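Each remark here refers to the structure printed beneath this line.
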Amino acid sequence: MRLRRLVAITDMKLRLSCSGIFASALLSSAILTSQTPTQGVSTQGGANTNKAYPADLVQQGAALFRQDCSFCHGRDATGGESGPDLTRSKLVAADVRGEKIAPVVRNGRPERGMPPFDRTEQQIASLVAFIHTQQAALAQGGRKGAGGRKGVDPEDLQTGNVAAGKKYFEGAGGCARCHSPSGDLAGVALRYKGLDLERRMLYPRFAKSEVTVTLPSGREVSGVLAYLDEFTVGLTNADGFYQSWRTRDVKYKVNAPAEAHVDLFSKYTDDDVHDLMAYLQTLK
């Protein structure tokens, strides 16, 4: 397989997986809503005029939104790092008790980086109640700024259990096979903060692959993988020089660190991501 094709496929896997994790795992933001109701709330405007939602349903939706949606769409549904402001959404404005929102939640929008979520009718109803309540509260109370996408504060991502994250790092996650808290990860929480740290944890885009080439004489040459297709393997050695060989003349073994992260995407639970992130933030 040609290198360009290999890179494209790997990058696609990473982006799709990361989008999934970034929309579901990335799951770490806290809902801050100063209008948390204690009684039924009426939404106003658009298709939802005079529709009321029970306070407990709205609160259930707030908790679920925090878990599944706030990383991308912001703590109050007004836009996050990668997701739009739902309180300004035309689809939300046209929605009547979930008939438009529910299909998006269940099916996702893969072309926009949103994965599908398997949620019950009750869970979706609570999300609908929360989103519409936020929309109505902002419409009644006025808005500041132009809306759209906003950043994620580092404290929004500090929701996991440090001890559980350390256990996952050393055990089930297999992170300790490649990384060391006192080695390559020493001070990582000082170099990267918040979303930048979580992105690098989930999606190490710049991780370099290494290759060891065994020559016909038995001598091994190692370096950073620079080129690979069915005909040629090339590397950059420790001195910065490029070397290449015909693949039919040598044996080679590639070590691609990013692949281990890709493999984890299908294994992570929400708690795993929260906890691992909490542990990494202690490495200062």
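The values are calculated or read from the model by the stated rules, or taken from the named source; none is laboratory data. Since the model is a prediction, treat every value here as computed from it, not as a measurement. No Cβ is skipped: glycine too gets one built from the backbone with ideal geometry, and neighbour counts run over all protein chains shown.
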- Query: Tally time: how many residues in region 152-167 are in a helix (DSSP H, G or I), of a type outside the set (G, A, S), touching a helix residue (DSSP H, G or I) at 6+ places or on another chain (Cβ under 7 Å) and modelled with pLDDT of 90 or more?
  - Reply: 2
- Message: For region 113-151, give me each residue that is part of a helix (DSSP H, G or I), modelled with pLDDT under 75 and exposed (fewer than 13 other Cβ atoms within 10 Å of the Cβ).
- Response: Q140, G141
- Query: Restricting to region 241-253, what's the tally of residues that are surrounded by 15 or more Cβ atoms within 10 Å (Cβ to Cβ) and under 36 Å from the mean Cα position of the chain (by Cα)?
  - Reply: 1
- Give the residues of region 73-87 that are under 15 Å from the mean Cα position of the chain (by Cα) and crowded, with 24+ Cβ neighbours inside 10 Å, sorted by residue number. H73, G74, G80
- Task: Collect the residues in region 64-108 that are farther than 23 Å from Q140 by Cβ and in a helix (DSSP H, G or I), keeping them in residue-number order.
- Result: L64, Q67, D68, F71, C72, A102, P103, V104, V105, R106, N107
- Of the residues in region 75-107, those that are basic (K, R) and under 22 Å from E121 (Cβ atoms) come to R97, K100, R106
- Of the residues that sit in region 191-223 and are more than 12 Å from H261 (Cα to Cα) and in contact with a Pro (Cβ under 6 Å, 6 or more places away or on another chain), which one is modelled with the lowest pLDDT? G194
- Message: Just to confirm my filter: which strands (runs of 3 or more DSSP E) fall fully inside region 179-284 and include at least 1 residues that are among the basic types (K, R), outside the structural domain of F71 (by TED's automatic domain parsing) and more than 25 Å from G80 (Cβ to Cβ)?
- Response: 242-246, 251-255
- Contacts under 7 angstrom Cβ, first residue in region 93-107 being β-branched (V, I, T), partner modelled with pLDDT of 90 or more and in a loop (DSSP other than H, G, I, E, B), 6 or more apart: I101/D95
